[in-house]
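**Q** Just passing along the structure, written as structure tokens.
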């Protein structure tokens with residue numbers, strides 16, 4: 001007869017993250033919880049799938065690369081992360097989901113937040129017929145001074 005393994009009880013922090021995921025419409029799997037513990041700890045930061053995979057590996061956790069990528073996209077679709085698209089298919093995931101803008105230092109591959117109250121965007125063009133402007137995201141390219 002097979003014995004069913006009882007999952008370890010969740011810590012208070014894990015339980016809060018599990019509730020947050022459920023509220024966003026996601027099932028809190030073990031791997032999602034591990035990734036959420038790294039990402040959704042209240043710090044505002046920017047990660048790529050590769051940088052998160054490296055962080056996971058350094059923590060001694062085994063999670064498939066595809067799972068990391070899928071989880072980042074699922075968290076974004078659920079409103080837990082914000083995707084910042086840089087240079088076509090290069091995505092950075094932002095834990096700060098509140099409206100703000102960014103500086104991007106391509107040489108250092110570094111994003112810096114710009115609080116929305118520090119940017120004034122005026123005189124937007126009219127959107128194409130049948131469309132409304134839903135948001136404006138500004139990415140200002142920067143480079144170190146020569």
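Read-outs: derived from the displayed coordinates by stated rules, not from any lab. Since we're looking at a predicted model, the values are computed, not measured. Cβ atoms come from the backbone with ideal geometry, glycine included; neighbour counts cover every protein chain shown.
**Q** With a point put 7 Å past each Cα toward its Cβ, work out how far residue 131 is from residue 98 in nm, to one decimal.
**A** So the two model labels end up 2.9 nm from each other.
**Q** Using Cα springs under 10 Å in a Gaussian network model of the chain, which residue among 120, 20, 58 shows the largest mean-square fluctuation?
**A** Ranking 120, 20, 58 by mean-square fluctuation puts 120 first.
**Q** Beyond 13 Å, what percent of the Cα pairs of the range 58-98 remain?
**A** Result for the distance tail: 59 percent.
**Q** I've got another one for you. Identify which of 110, 53, 74 has the largest mean-square fluctuation in a Gaussian network model of the chain, with springs joining Cα atoms closer than 10 Å.
**A** Most flexible of the set in this elastic network: 110.
**Q** For the Cα atoms of the chain, what angle does the longest principal axis make with the long axis of helix 49-58, in degrees from 0 to 90, nearest 10?
**A** 40 degrees
**Q** For the chain, calculate the relative contact order in percent as a whole number, restricting contacts to Cα pairs under 8 Å that are 6 or more residues apart.
**A** 17 percent
**Q** When only alpha-carbon atoms are used, what values of Rg and Dmax, in angstrom, describe the range 11-86?
**A** 11.7, 36
**Q** Taking each pair of distinct Cα atoms in the chain once, what is the resulting Kirkwood hydrodynamic radius in Å?
**A** 17.6 Å
**Q** Let me ask something else about it. So for the range 100-146, considering every pair of alpha-carbon atoms, how many percent are separated by more than 16 Å?
**A** 53 percent
**Q** Please determine, in degrees from 0 to 90 and to the nearest 10, the orientation of helix 30-39 with respect to the longest principal axis defined by the Cα atoms of the chain, where the helix direction is its Cα long axis.
**A** That helix lies at roughly 40 degrees to the long axis.
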